[in-house]
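Below you'll find the structure, written out as structure tokens, and then a few comments.
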Amino acid sequence: MFRLLRPLHQVSRRTISSSAPRHLENKVPAKQKMFQEDNGMPVHLKGGAKDALLYRATMALTVFGCGYVVYALIDAAMPKKKE
């Protein structure tokens, strides 16, 4: 049984070790510089338009959720009239 697995092991080792390494650019220093500069913006909005949109959507959902909770509590507190 191990004779059948040995060629598979050699093929998998050969393809993994012969693959070319990826050279990725390190973006961390640029991001650190952007988030640490003092420009009067809160840190949660320094990412740009995508962060602003995400922030506004989160705030809208929060306000809607709080309003719905108040409505549900008032609806539960008022007894239903039976006719």
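What follows is calculated from the coordinates using simple rules that are stated; it is not laboratory data. These numbers were taken from a predicted model, which means no experiment stands behind them. Neighbour counts run over all protein chains shown; Cβ positions are idealised from the backbone, glycine included.
The modelled label-to-label distance for the pair Arg6/Ala76, using points 7 Å beyond Cα in the direction of Cβ, is 7.0 nm. Within the straight-line cut-off of under 17 Å between alpha carbons, the lysines reachable from Lys46 are Lys27, Lys31, Lys33, sequence neighbours fewer than 8 places apart in one chain being disregarded. Packing, taken as the mean count of other beta carbons within 10 Å per residue, orders the peptides 43-55, 63-75 from highest to lowest as 43-55, 63-75.
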